[in-house]
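These notes concern the structure reproduced below.
The values are calculated or read from the model by the stated rules, or taken from the named source; none is laboratory data. In this text the structure is predicted, and so the values were computed from the model without any measurement. Every residue, glycine as well, gets a Cβ built from its backbone with ideal geometry; the counts of neighbours run over all protein chains shown. All accessible areas refer to the heavy atoms of the entire protein, side chains included, with ligands and DNA or RNA removed. Shrake-Rupley method; radii C 1.70, N 1.55, O 1.52, S 1.80 Å.
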Amino acid sequence: MLEFEWDASKEIKNIQKHKISFAEGIETFFDPCGIKMIDRGHSSEEKRFYWIGQTREKKILTTWFTERGNRIRIIGSAHFRKFRRIYETAQYE
């Protein structure tokens, strides 16, 4: 079973900036067609990743996160056209 954690103040900032709660971002991890990618630009201190997936409401979101033991720590979640295209392209291959 996946376990998630996040900083509540970061979630508030994410909602203000991107209009996406971390709970909604977490929904995408249960998308069987989801895609995990390494975030090379932000992985110097710890490995960070992107997860691109679809919510129950069919929104395609990109959620960035790190893995800490058996937990997934959410850093942010938003709509990004670039990652949406990656997701949609992968569905047709």
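Net charge of the neighbourhood of residue 58, taken over other residues with C-beta under 14 Å away and scored Lys/Arg +1, Asp/Glu -1, is -2.
For residue 20, the residues whose modelled amide H falls within less than 5 Å of its own, excluding neighbours fewer than 5 places apart on the same chain, are 15. The lysine pair count for the chain, using Cα distances under 16 Å and pairs eight or more places apart or on different chains, is 6. Taking only protein heavy atoms and a 1.4 Å probe, the accessible area of the chain is 51% carbon and sulfur. Normalising the average separation of contacting C-alpha pairs (under 8 angstrom, six or more residues apart) by the number of residues puts the relative contact order of the chain at 30 percent.
Residues whose amide H comes within less than 5 Å of that of residue 75, counting only those at least five positions distant or on another chain, are 64, 65, 66 (H built at 1.01 Å from N in the peptide plane).
Extending 7 Å from the Cα toward the beta-carbon at both residue 85 and residue 42 defines two label points whose distance is 2.1 nm. For the pair the range 1-25 and the range 59-82, the centres of their Cα atoms are 9 angstrom apart. Taken one residue at a time, the phi angles of the range 72-88 give Karplus couplings (6.51, -1.76, 1.60, θ = phi - 60°) of 9, 9, 6, 9, x, 7, 6, 8, 9, 4, 4, 6, 4, 4, 4, 4, 5 Hz. Gly and Pro are set to x. What GluC sites (Glu not before Pro) in the range 16-58 are in a loop by DSSP, with at most 11 other Cβ atoms within 10 Å of the Cβ? Answer by residue number: 45, 46, 57.
For trypsin sites (Lys or Arg not before Pro), the sites in the range 1-71 that DSSP calls loop and that have at most 16 other Cβ atoms within 10 Å are 19, 47, 56, 58, 59. For the range 21-64, a simple Cβ point-charge model (Lys and Arg +1, Asp and Glu -1, everything else neutral) yields a dipole of about 140 debye relative to the Cα centre.
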